[in-house]
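Taking it in order: structure first as structure tokens, then the write-up.
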Amino acid sequence: MNIDFGSELEAFRQEVADFLDTAPTPQIREAGLKTTSVFAPFETTMAWHRILHARGWSAPAWPREYGGTGWSVEQRYIFSEEYSKRRLPPLLPNGLQMVGPLLMQLGMPEQKARYLPGILSGDDYWTQGYSEPNSGSDLASLSCAAVADGDDYVINGQKIWTTLAYKANRMFMLVRTSKEGRKQQGITFLLLERTDFPGMTIRPITGLDGTQELCEVFFDNVRVPKSGRVGEENDGWNVSKALLKFERGGSASSPSMYAKLAMIRAAAAATPSPHGGTLADDPVMQRDLGELEAEIAAFAAFEKLIISRYPSVANDPATPSINKISSSELAQRVSVLMTKVAGLQALPLQVDARKVGSATAPLGNDFELIAMPYYLNSRATTIYAGSNEIQRDLIARALFTR
Amino acid sequence: MDFTYTSEQEMLRDSLGKLLAQAYGFDARQKFVRSSDSRCEAVWRQFGQMGLLALPFAESQGGIGGSFSDLVAIGELLGRYLVVEPYVSSILLGGSALSLSDATADQALLRDVVAGDVEVALAHEEAHGIGPVERMTCTLRAVDDGLRLDGTKLLVLGGGHAGTLIVSARQADRLALVRVDPAQPGVTVTGYRTIDGRHAATVRFEGVRLSAAGLLLDDAEDRLDAVLRRALLCLSAEAVGAMQALLEASAGYAATRKQFGVPINSFQAVAHRLADMKIAYSKARALLLYTTALLEAGEGGARDVSLLKAQVSRLGRIVGESAVQVHGGIGMTDELSIGHYLKRILSIESMFGNTDYHLRRVGAAAS
């Protein structure tokens with residue numbers, strides 16, 4: 001057992017800190033302060049992605065052969081800590097954490113060559129087309145159909161919760177190519193080189209937080225080349241599982257939880273309490289803060305076991321689900337305390353002031369500006385990426401089938 | 001013991017329910033919320049004809065002297081239909097604070113409020129929320145030719161549309177209520193929309209000069225508390241009405257939404273969540289009716305209202321958050337009413353003392 005990062009890593013930490021202190025523009029910092037979702041403000045965050053890429057740091061978790069940093073898990077953790085501490089906008093996950101790693105494992109050489117560079121550089125944004133109106137938790141029941149026709153597939157149907165589809169230039173999706181056999185067996189994984197193929201219609205959906213992040217995409221006889229298929233026809237379900245495998249070893253989210261805890265502490269120290277002094281002096285608030293820190297600490301410890309590949313955790317089939325449930329429910333707890341501290345100042349609806357570069361000044365401070373949208377947005381975390389009900393089923397199944 | 005509404009109250013609920021079902025369906029409500037108007041004139045006039053605007057005021061003031069249970073009877077429906085009319089802001093808060101003054105000019109203004117012609121707002125909450133007089137930062141001081149008001153008020157409901165503000169301020173160690181024209185020099189009103197579709201404002205007073213006639217009451221703490229208690233009772237009823245709507249919508253959705261070939265209510269995880277929502281709603285409504293009966297009998301006080309407000313907020317949050325979860329992705333959209341109910345419950349939880357504040361009041365002293 002050894003918790004020490006080692007002194008040679010201090011030089012690395014300093015190198016990271018120096019860059020993160022100087023490279024982000026004021027606008028990028030503003031985008032970070034105004035991030036209220038997994039999906040940070042789009043244009044500014046993509047610009048920041050390109051800056052990080054120029055430094056070679058856009059994909060800390062990618063292997064060096066694909067343009068990643070080749071960093072050790074300790075280095076990645078340090079990077080994540082320094083990044084979160086400065087509240088910089090997190091890079092959008094779809095390319096770097098989802099379709100990119102999937103292509104590395106299963107893509108054809110020409111697909112890797114064609115698509116990985118744009119993901120790494122931040123020139124491309126990929127939207128994810130999995131869910132459908134009637135296929136959420138029961139994803140394998142999806143019905144958006146692709147019919148082979150010469151060198152093409154012709155797609156008809158609908159996808160929903162395709163995050164930021166109207167900003168995307170590419171899309172990865174699951175389509176039904178067969179109705180034979182088990183429902184999982186007739187699914188194919190497709191890469192769409194464009195999001196403006198004739199017959200594609202994208203509609204943004206306004207969310208509870210007043211922003212347009214959710215979307216739906218309609219396909220009316222959309223003809224796409226077969227060369228976008230990953231894996232074999234009708235083997236898309238297994239292809240998409242490879243993505244889950246990568247997510248297990250994905251990035252740490254506890255540093256950003258600690259950063260939010262620090263924000264809450266600072267805000268509490270600046271807010272008067274109805275019982276005198278500030279909220280930070282208030283024993284009830286102190287208990288809330290203590291409880292939240294204890295929850296974050298337990299999660300952070302679990303996350304460290306995951307990334308250090310501690311055997312009984314790394315090999316446990318329940319680990320991805322435990323991780324997903326813990327991080328999502330923790331994000332919600334963080335957001336609840338944020339709204340409590342922001343109090344009345346969390347109630348104004350400030351959609352304009354939240355935009356990067358907005359001319360509308362917020363009514364309160366930055367913390368009060370984002371507390372409620374962060375709370376509302378985080379209600380989705382227990383729904384998406386396999387609802388927590390489904391994840392609990394998976395944990396139970398792993399427990400009982402050993 | 002009888003906790004049922006009277007036949008008159010049932011009749012009132014029936015006609016209000018019909019009006020709201022016809023004029024305040026969710027789509028019509030959303031359309032109205034997107035306008036800049038503070039009240040839907042046709043609905044507001046109907047409220048007047050039904051006696052709702054006169055309800056809380058004494059007959060001597062042109063009111064009809066309604067009871068606590070009258071208020072709860074309509075409050076549940078206001079919550080159920082997500083009504084954004086300025087009922088709480090102009091009638092239960094602003095109008096009721098105004099009614100504490102006997103002065104002729106104030107009584108004349110009150111008659112206009114009850115007639116539905118003008119709105120008044122109460123500016124009371126500050127950065128620390130509410131609390132004892134000594135914590136108030138808004139101050140009223142005597143100056144040579146009158147009074148001077150300074151300070152900042154948050155979440156002044158209806159503050160951007162009110163022709164008159166009733167403002168609480170600390171004068172020496174007492175809570176005074178003053179009447180302020182928002183157009184007066186030194187008054188800055190920053191209006192905004194709340195997450196639950198209401199109009200509110202931050203109002204700053206800098207050296208605002210008032211004549212002696214602007215002072216409504218110079219020792220108003222107890223009487224203002226009574227006004228707030230009645231508003232909190234109605235807000236609690238609104239939250240309970242919202243909870244009922246959420247429970248019904250979620251149970252209905254879970255019975256029709258199919259995944260894995262069966263309705264999702266056949267999954268125990270979902271069914272038990274719905275059962276917990278039902279438990280929460282049942283307890284909240286029971287406490288609402290019981291507290292109302294206590295107040296009606298003259299046996300309830302600040303402590304009972306604090307307990308109700310805290311408990312309804314806690315249980316309401318459970319129901320609201322569960323409703324979003326049961327609905328899944330579609331529950332995260334602005335296009336469905338679910339999130340709007342949750343946001344209403346969250347707003348009610350935050351205003352006039354959050355759950356911690358009220359639970360501490362309850363916990364600090366036995367009844």
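The values are calculated or read from the model by the stated rules, or taken from the named source; none is laboratory data. Just so it is clear, the model here is predicted, and its values are computed rather than measured. Note that we place each Cβ from the backbone using ideal geometry, even for glycine, and neighbour counts take in every protein chain shown.
Below, the figures for the structure above:
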quantity	calculated
Residue, nearest to A:ARG182 (Cα to Cα), within the stretch A:196-216, restricted to residues that are among the hydrophobic types (A, V, I, L, M, F, W, C) and more than 14 Å from chain B (Cβ to nearest Cβ)	A:MET200
Residue match in the stretch B:55-77 (condition: buried (at least 24 other Cβ atoms within 10 Å of the Cβ) and in a loop (DSSP other than H, G, I, E, B))	yes
Number of the exception - A:LEU399 against (1) hydrophobic (A, V, I, L, M, F, W, C); (2) more than 27 Å from B:MET351 (Cβ to Cβ); (3) surrounded by 16 or more Cβ atoms within 10 Å (Cβ to Cβ); (4) more than 11 Å from chain B (Cβ to nearest Cβ)	(3)
Matching residues in the stretch B:208-236 - criterion: being over 21 Å from B:LEU92 (Cβ atoms), surrounded by 18 or more Cβ atoms within 10 Å (Cβ to Cβ) and among the small types (Gly, Ala, Ser)	B:GLY214
Only listed residue being β-branched (Val, Ile, Thr) and at the interface with chain A (Cβ under 9 Å from one of its Cβ atoms), chosen from B:VAL319, B:VAL312, B:VAL324	B:VAL324
Count - residues of the stretch B:1-51 that are β-branched (Val, Ile, Thr) and within 20 Å of B:HIS340 (Cβ to Cβ)	2
Given (1) more than 21 Å from B:THR194 (Cα to Cα); (2) more than 9 Å from chain A (Cβ to nearest Cβ); (3) modelled with pLDDT of 95 or more, number of the condition B:LEU336 does not satisfy	(1)
Members of the stretch B:303-324 found to be under 17 Å from B:ILE279 (Cα atoms) and in contact (Cβ under 8 Å) with a residue 40 or more places away in the chain, listed by number	B:LEU308, B:ALA310, B:VAL312, B:SER313, B:ARG314, B:LEU315, B:GLY316, B:ILE318, B:VAL319, B:GLY320, B:SER322, B:ALA323
The listed residue being away from chain B (no Cβ under 14 Å) and modelled with pLDDT of 95 or more, out of A:LEU344, A:LEU376, A:LEU330	A:LEU330
Any hit, the stretch A:90-105, residues being over 28 Å from A:LEU394 (Cα atoms) and either touching a His at 6+ places or on another chain (Cβ under 6 Å) or not in a helix (DSSP H, G or I) (or both)	yes
So A:THR339, is it within 13 Å of chain B (Cβ to nearest Cβ), within 24 Å of A:LEU261 (Cβ to Cβ), hydroxyl-bearing (Ser, Thr, Tyr) and within 15 Å of the chain's Cα centre (by Cα)	no
Checklist (1) within 14 Å of chain A (Cβ to nearest Cβ); (2) under 27 Å from B:SER96 (Cβ atoms) applied to B:ALA284, failing item	(1)
In the stretch B:31-71, the residues that are closer than 18 Å to B:GLN9 by Cβ, in contact (Cβ under 8 Å) with a residue 12 or more places away in the chain and over 19 Å from the mean Cα position of the chain (by Cα)	B:GLN46, B:MET50, B:GLY63, B:ILE64
Residues that are polar (S, T, N, Q) and under 20 Å from A:THR360 (Cα atoms), drawn from the stretch B:168-210	B:THR188, B:THR190, B:THR194, B:THR202
Subset of the stretch B:312-339 [under 20 Å from B:VAL88 (Cβ atoms) and surrounded by fewer than 23 Cβ atoms within 10 Å (Cβ to Cβ)]	B:ARG317, B:SER337
Meets criteria (at pLDDT 95 or above, in the same structural domain as B:THR256 (by TED's automatic domain parsing), within 20 Å of the chain's Cα centre (by Cα) and closer than 25 Å to A:VAL341 by Cα) for B:ALA286	no
Only listed residue being surrounded by 14 or more Cβ atoms within 10 Å (Cβ to Cβ), touching a residue at least 12 places away in the same chain (Cβ under 8 Å), out of contact with any helix residue (DSSP H, G or I) (no Cβ under 7 Å at 6 or more places or on another chain) and assigned by TED's automatic domain parsing to the domain that holds A:GLN345, chosen from A:LYS304, A:LYS260	A:LYS304
Flag if B:LEU295 is buried (at least 19 other Cβ atoms within 10 Å of the Cβ), more than 10 Å from chain A (Cβ to nearest Cβ) and modelled with pLDDT of 95 or more	yes
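Residue-by-condition table, conditions (1) hydrophobic (A, V, I, L, M, F, W, C); (2) in contact (Cβ under 8 Å) with a residue 12 or more places away in the chain:
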| residue | (1), (2) |
| --- | --- |
| A:ASN134 | no, no |
| A:SER141 | no, yes |
| A:ASN156 | no, yes |
| A:MET173 | yes, yes |
| A:THR188 | no, yes |
| A:ARG203 | no, yes |
